[in-house]
Amino acid sequence: MYKRVLLKLSGEVLSGESQKGFSEDHVEYLIREIKAVSEYGVKLGIVIGAGNLFRGRDFEGLRPTISDQIGMLGTVINALYLKDRFEHAGIRTVVVSQIVSLPSVKLINYDDIDLYFDAGYVVIFAGGTSNPFFTTDTGAALRAVEMKAELLIKGTKVSGIYDKDPKVYNDAVKYSVITYDEAIEKGLKIMDTEAFSICKRYNMKILVMNFFENNNLIKAIRGDNVGTLVVPK
Ligand SMILES: Nc1ncnc2c1ncn2[C@@H]1O[C@H](COP(=O)(O)OP(=O)(O)O)[C@@H](O)[C@H]1O
Ligand SMILES: O=c1ccn([C@@H]2O[C@H](COP(=O)(O)OP(=O)(O)O)[C@@H](O)[C@H]2O)c(=O)[nH]1
């Protein structure tokens, strides 16, 4: 069983695929999955995307430096939304970020992260990498290394990493295990090359799995390969 895990969730986990905003059904499902693992005493960090609100590329005509900042702010909105929903469900939660100063957001401080985990808090890292031109997948790779996670789980809407995009090609074949080098060389678009590279450099194991399959998260944390594992060799 993994004891220290960073979970990356796309914003669409909150809205449903290709939808915007927040879907009550999806949010309730997410809360159930997170509650089950937090009751196991797992030290859980979460990086949330903002695809349900804003992606930089949604804003035609805006400079990416600006539209990406709007996207990053979207991750803060999602993080605060989740904090309150989690706490209503009895999951103690802290939101940390480097990009905003707000009363309910704490500045990331490495020393404090262990204190939050030891006190039983789920830690939501908001703001991606804090830089335009990146994505929350890369943010997740950085935060996973920073929090000394044993595993980075990418919870998404496909069941793992395939040889080509399974939403486009019916005959796509899923990998059970793949190395960082293979994922980068084959240009598999499930995560950015930057995210794979950071994980490779720091030996951060990745599991890509379907977040919408009941109990997948708890199974993953118990050590089951419920999707595709990305490993050094
Ligand atoms: N080789 C691949 N294996 C699996 N999924 C892939 C691959 N190439 C592209 N994809 C696509 O990557 C997407 C993963 O998206 P995700 O990062 O969760 O959300 P977003 O689309 O919001 O960035 C899936 O919807 C899938 O269709
Ligand atoms: O380090 C980061 C992370 C995110 N973003 C912006 O925030 C948006 C939302 O993040 P992402 O697309 O990764 O969300 P997801 O697809 O996971 O919901 C991106 O489109 C970017 O515009 C950014 O500029 N830098």
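The values are calculated or read from the model by the stated rules, or taken from the named source; none is laboratory data. Computed from a predicted structure; not experimentally measured. Note that each Cβ is placed from the backbone with ideal geometry, even for glycine, and that neighbours are counted across all protein chains shown. Protein only, heavy atoms only, side chains kept; ligands, DNA and RNA dropped before computing areas. Shrake-Rupley method; radii C 1.70, N 1.55, O 1.52, S 1.80 Å.
In whole Hz and in residue order, list the ³J(HN,Hα) couplings for region 203-220 that follow from phi through the Karplus curve 6.51 cos²θ - 1.76 cosθ + 1.60, θ = phi - 60°; x for Gly and Pro.
Each residue of region 203-220 in turn: 6, 8, 5, 10, 10, 9, 8, 6, 6, 8, 9, 3, 6, 4, 5, 5, 4, 4 Hz.
Given 0.36 nm per residue, what is the gain on full extension from PHE133 to THR65 after removing their alpha carbon distance, in nm?
Using 0.36 nm per residue and subtracting the Cα-Cα distance, I get 23.8 nm.
Roughly how many percent of the accessible protein surface of the chain is carbon and sulfur, given a 1.4 Å probe and a whole-percent answer?
50 percent
Per-residue HN-Hα couplings for region 108-118, Karplus 6.51 cos²θ - 1.76 cosθ + 1.60 at θ = phi - 60°, whole Hz, x for Gly and Pro?
5, 9, 3, 5, 6, 4, 5, 5, 4, 5, 4
Would you mind getting the accessible area per residue of region 4-231, heavy atoms of the protein chains only, 1.4 Å probe, in Å²?
Here the residues of region 4-231 average 46 Å² of exposed surface.
How many percent of all Cα-Cα pairs in the chain sit more than 29 Å apart?
Looking at the chain, the distances longer than 29 Å represent 21 percent of pairs.
Name the residues whose placed amide hydrogens come within less than 5 Å of the amide hydrogen of ILE46, ignoring near sequence neighbours (fewer than 5 apart) on the same chain.
Close amide H contacts, sequence-distant or interchain: LEU7, VAL123, ILE124, PHE125.
What does the net charge come to around VAL158 if you take all other residues with beta carbon closer than 12 Å to its beta carbon, with K and R at +1 and D and E at -1?
Cβ neighbours under 12 Å give a net charge of +2.
Sorted by mean Cβ packing within 10 Å, highest first, what order do the peptides 55-64, 91-100, 139-148 take?
139-148, 91-100, 55-64
What's the local net charge at GLY223, with K and R +1, D and E -1, over the other residues with C-beta under 12 Å away?
That works out to +2.
Show that you can apply the helix-only estimate: for the chain, add -39,500 (n - 2.57) for every DSSP H stretch of four or more residues, divide by all residues, and state [θ] at 222 nm to the nearest 500.
One gets -11000 deg cm²/dmol as the mean residue ellipticity at 222 nm.
Rounded to the nearest 0.05, what FRET efficiency do GLU24 and ASN210 give with R0 = 22 Å and r taken as the Cβ-Cβ distance? Could you check?
That gives a FRET efficiency of 0.60.
Normalised by the residues of the chain, what does the relative contact order come to in percent, with Cα pairs under 8 Å and at least six apart?
Rounded, it is 22 percent for the chain.
Determine ³J(HN,Hα), in whole Hz, for all residues of region 90-100 in sequence, where each value follows from phi through the Karplus function 6.51 cos²θ - 1.76 cosθ + 1.60 and θ = phi - 60°; x replaces Gly and Pro.
x, 9, 6, 9, 10, 9, 10, 6, 9, 9, 9
Which residues' amide hydrogens lie under 5 Å from the amide hydrogen of LYS106, considering only partners 5 or more residues apart or on another chain, with H built in the peptide plane?
Amide H neighbours of LYS106: VAL95, VAL96, SER97.
Please state the charge dipole magnitude for region 4-231, taken about the Cα centre, from unit charges on C-beta atoms (+1 on K and R, -1 on D and E), reported in debye and rounded to the nearest 20.
Roughly 140 debye, rounded to the nearest 20.
Stretch ASP171-GLU146 to full length: gain in nm at 0.36 nm per residue minus the Cα-Cα span?
5.2 nm
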